[in-house]
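Just so you know, all these numbers are worked out from the coordinates, no wet-lab data involved. Note that the structure is a prediction, hence the values are computed from the model and not measured. Note: ideal-geometry Cβ built from the backbone for every residue, glycine included; neighbour counts use all protein chains shown.
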Amino acid sequence: MKPLDLNPLYTFIAVVDAGSFTAASERLGVAKAKISIHIARLEAQLGMTLLRRTTRQVTLTEEGRTLYDGCLPLLDELNQLIHNTLTPNPTLSGVMRISATPELVGQSLAPAIAQFSQLHQHLQFDIRSTDRVLDMVKDGIDLSIRVGWLKDSSQRATKLSDVRQCVIASPAYLNIHGTPQTPEDLTQHHWLALSLLSAPLTWVFQHNHHKQTVQMQSRIRVDTTAALVALLAQDMGISIIDEPSVREHLATGQLIEVLPEYVLPNAGMFAVHPPGRHLSTKARAFVDFYRDFLSQ
């Protein structure tokens, strides 16, 4: 296949964004006939139909959606590269879309963005605060900040930091049910778990160079870290959770750490980016900044 002429590709993106050939011609400042020629040329070169036209609007075919979703970040990166090349002191610009859980946004992401945005005032942020794992390509996400273990080794991700895991319960719960002295004792307690993890839950504890594996069956399963912390604070049971999520509760004594002499494997905080793509210039800059921010 011959290299694509980028002009029809830019026209295709403009038509999708504008919603019609007429609106795209007005946006680009070219004749509507030129828009039609560009789209026809692109479809002919690719050998597929990209758009369905009606009298009022255009819609994407499945192939058109794939092309649009794949090209959008690449063209954005190309524009950024050209801008940086032509500008003596290149600046980051455009919109960066980041998804993270509400807990992560509050703990570290919001403060990091506040500092980063002061350094790059032409850059805009679109933060998706959600516990759901979004479709990064479909939703146009540049980075997804996640804590835990990557389930899929094929995921493209940059590790930002280690995250300590600890066994947590409330003083009132332990007064009623007793304090575990060994990991094996945990199997006799009311176990709370995140539904993101598979059951039965297997945890490996290490103490004095000896490893002990414990399988847990959950009494209650929840789908968010915030819900897990709330149940722990209500004396509902005991669980393993990342230390940053309960740091304030530990400081006030509302929750306490159990079995602190037993070490659990660290989880990780990762910046996950869409499969099959390189990090954009602005995303790479933020990942580097965020990693340094977390190490302070």
### Summary
Quick P(r) readout (the range 152-193; Cα-Cα; 5 Å bins; whole %) gives 5, 15, 22, 16, 9, 8, 11, 10, 4, 0
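Which of the three applies to the range 91-149, rounded, prolate or oblate, going by the alpha-carbon gyration tensor with a ≥ b ≥ c and a/c under 1.5 meaning rounded? Please list the in-between numbers first.
Values: a/c = 2.58, a/b = 1.34, b/c = 1.93.
In terms of gyration-tensor shape, oblate.
Ranked highest first by the average count of other Cβ atoms within 10 Å around their residues, in what order do 222-231, 239-248 fall? All intermediate terms of the calculation are to be shown ahead of the outcome.
Details: 222-231: 17.6, 239-248: 19.1.
The densest-packed peptide leads the list: 239-248, 222-231.
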### Query
Where does each of Asp139, Asp69 land when they are ranked from fewest to most other beta-carbon atoms within 10 angstrom?
Asp139, Asp69
### Query
Rg/Rh for the range 165-265: what does it come to with C-alpha atoms and Rh from Kirkwood?
0.92
### Task
Among His209, His189, rank each residue by its count of other Cβ atoms within 10 Å, from fewest to most, as a rough exposure measure.
His209, His189
### Summary
Residue by residue through the range 92-99, the couplings from Karplus 6.51 cos²θ - 1.76 cosθ + 1.60 with θ = phi - 60°, in Hz, x for Gly and Pro, are 7, 8, x, 10, 10, 9, 10, 10
#### Entry: Whichever aspartates and glutamates have a C-alpha closer than 14 Å to that of Lys211, once near sequence neighbours (fewer than 8 apart) are set aside
Glu184, Glu261
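Taking Cα atoms of the chain, Rg/Rh with Kirkwood Rh, to two decimals? Present the calculation step by step, with values, prior to reporting the outcome.
Working: Rg = 25.0 Å, Rh = 22.6 Å.
The Rg/Rh ratio comes out at 1.11.
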### Task
Could you point to the residue in Ile168, Val214, Thr158 farthest towards the positive end of the chain's charge dipole, with +1 and -1 charges on the Cβ of Lys/Arg and Asp/Glu respectively?
Thr158
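I'm checking a number: the convex hull volume of the Cα atoms of the range 6-71, normalised per residue, in Å³. What is it? Numbers along the way, then the final one.
Values: hull volume 4.9 nm³, N = 66.
Residue-normalised Cα hull volume stands at 74 Å³.
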#### Entry: ³J(HN,Hα) computed for each position of the range 231-239 - Karplus, 6.51 cos²θ - 1.76 cosθ + 1.60, integer Hz, glycine/proline x
5, 4, 5, 8, 6, 8, x, 9, 7
#### Entry: Footprinting exposure proxy for His249, His38 (fewest neighbouring C-beta atoms within 10 Å first)
His249, His38
### Message
For the chain, take the longest principal axis of its alpha carbons; what is the angle in degrees between that and the long axis of helix 62-86, to the nearest 10 within 0 to 90?
### Response
90
### Task
Please tell me the relative contact order of the chain in percent, rounded to the nearest whole number, where contacts are Cα pairs under 8 Å and at least six residues apart.
20
#### Entry: Sequence-distant residues sharing a close amide H with Thr61 (under 5 Å, placed H)
Leu51, Arg52
### Query
aspartates and glutamates near Lys138 by alpha-carbon distance under 17 Å, same-chain residues fewer than 8 away left out - which ones?
Asp17, Glu62, Glu63, Asp69, Asp76, Asp126
### Task
Using only Cα atoms, tell me the angle between helix 32-46 and the longest principal axis of the chain; keep it within 0 to 90° and round to the nearest 10.
60
### Summary
Ranked output for segments 125-135, 283-293 by mean other Cβ atoms within 10 Å, highest leading, reads 283-293, 125-135
### Summary
Computed over the chain: longest principal axis from alpha-carbon atoms vs helix 6-18 long axis, angle to nearest 10 degrees, is 70
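Please report, in cubic angstrom per residue, the volume enclosed by the convex hull of the alpha-carbon atoms of the range 252-296.
Details: hull volume 6.8 nm³, N = 45.
That works out to 151 Å³ per residue.
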